[in-house]
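One structure below.
The values are calculated or read from the model by the stated rules, or taken from the named source; none is laboratory data. These numbers come from a predicted model, not from an experiment. Positions of Cβ are backbone-derived with ideal geometry, glycine not excepted, and every protein chain shown enters the neighbour counts.
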Amino acid sequence: MPKWRSIPRRVGLWLRDMYFARWGRYQVIEDEDLPDDAIPGKLYLVGEDGRYWIAAMRCPCGCSTLLEMNLLPDSEPVWALRVIDATPTLQPSVWRKDGCRAHFLLRNGRIVWC
């Protein structure tokens, strides 16, 4: 594939990074239920007594779909969550197979596009 064909994709990823950079780092919000209307730039941890079973966030691509990542090790797919000084990191990457097809990492509270 010629290099010029990847330019629109690179520009699109750069524009998304610039658009979402205004929120700075994702902030963690703990709750017992999923939010009715999640705020972009927030990672919602759903659970009780410090045990979380779902991490939820709006898709950072701008399509505003609510993404839910399973944190329970008994079912798959499963993500590992690390929160240091209220700054979240999720492993592995989040990859939507349908819809907007976003593929990104949440590292140290920031979105890193794949």
Q: Kindly indicate whether V28 is in contact (Cβ under 8 Å) with a residue 40 or more places away in the chain and either in contact with a His (Cβ under 6 Å, 6 or more places away or on another chain) or in a strand (DSSP E or B) (or both).
A: yes
(Q) Where the second residue is of a type in the set (G, A, S) and the first is in contact (Cβ under 8 Å) with a residue 60 or more places away in the chain and lies in the stretch 40-59, which pairs have Cβ atoms under 8 Å and are six or more apart or on separate chains? (A) L43/A55; L43/A56
Q) Which pairs do you get when a residue that is touching a residue at least 24 places away in the same chain (Cβ under 8 Å) and in a strand (DSSP E or B), found in the stretch 60-72, comes within reach of a residue that is buried (at least 18 other Cβ atoms within 10 Å of the Cβ) and of a type in the set (D, E, K, R), reach meaning Cβ atoms under 8 angstrom, with the pair 6+ apart or on two chains? A) L66/R58; L67/R58
Q: Give the stretch 78-104 a look and list any residue that's surrounded by 15 or more Cβ atoms within 10 Å (Cβ to Cβ), modelled with pLDDT under 95 and part of a loop (DSSP other than H, G, I, E, B), or say none.
A: R96, A102
Q: Go through the stretch 34-60 and give me each residue that's crowded, with 18+ Cβ neighbours inside 10 Å and touching a helix residue (DSSP H, G or I) at 6+ places or on another chain (Cβ under 6 Å).
A: P60
